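Only one structure is covered here, and it is reproduced in the block below.
The values are calculated or read from the model by the stated rules, or taken from the named source; none is laboratory data. Note that this is a predicted model, so its numbers are computed, not measured. No Cβ is skipped: glycine too gets one built from the backbone with ideal geometry, and neighbour counts run over all protein chains shown.
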């Protein structure tokens, strides 16, 4: 292969999205814990939940993970005073934060259901969650 042809192949592969980085896990929704005005936040895609009844913990700031929608099983992450438990079954991931607020990820992780409201995970939005788990 000539040098210009090799360069062309490399450029085409990069443009097509081929790289050495691992792809995002199938069926997974990445999350990141944070702090807004002393309240715990959880960013899921472009959607951010602010838990009004859960104080932020500096040791949990920046904690990241992935919540899976496909498959079955579950687990938990405990960092400082923050606990995130999740259970996967039948295409739904049920998440409970600090044993007080529960929400679900559905439709392959594209939708978040909390209380009687449904939000798109890929929509830039901030949702305040009352201490009783209802969205405001």
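Take the range 45-72 and flag every residue that is farther than 16 Å from residue 32 by Cα and at pLDDT 95 or above.
Within the range 45-72, 52, 53 qualify.
Identify all residues within the range 80-127 that are under 17 Å from the mean Cα position of the chain (by Cα), closer than 20 Å to residue 36 by Cα and loosely packed, with under 15 Cβ neighbours inside 10 Å; write none if there are none.
Selection gives 102, 123, 124, 125, 126.
Look at residue 78 and say whether it is at pLDDT 95 or above, assigned to a strand (DSSP E or B), out of contact with any helix residue (DSSP H, G or I) (no Cβ under 8 Å at 6 or more places or on another chain) and over 14 Å from residue 29 (Cβ atoms). Even if it seems obvious, please write down each step before you answer.
Details: at pLDDT 95 or above: yes; assigned to a strand (DSSP E or B): yes; out of contact with any helix residue (DSSP H, G or I) (no Cβ under 8 Å at 6 or more places or on another chain): yes; over 14 Å from residue 29 (Cβ atoms): yes.
Spelling it out, residue 78 is indeed at pLDDT 95 or above, assigned to a strand (DSSP E or B), out of contact with any helix residue (DSSP H, G or I) (no Cβ under 8 Å at 6 or more places or on another chain) and over 14 Å from residue 29 (Cβ atoms).
How many residues are buried (at least 19 other Cβ atoms within 10 Å of the Cβ) and farther than 14 Å from residue 101 by Cβ when one looks only at the range 25-44?
Residues flagged as buried (at least 19 other Cβ atoms within 10 Å of the Cβ) and farther than 14 Å from residue 101 by Cβ within the range 25-44 amount to 1.
Looking at the range 53-81 only, could you name the residues that are touching a strand residue (DSSP E or B) at 6+ places or on another chain (Cβ under 6 Å) and touching a residue at least 40 places away in the same chain (Cβ under 8 Å)?
Across the range 53-81, the qualifying residues are 54, 66, 67, 68, 69, 71.
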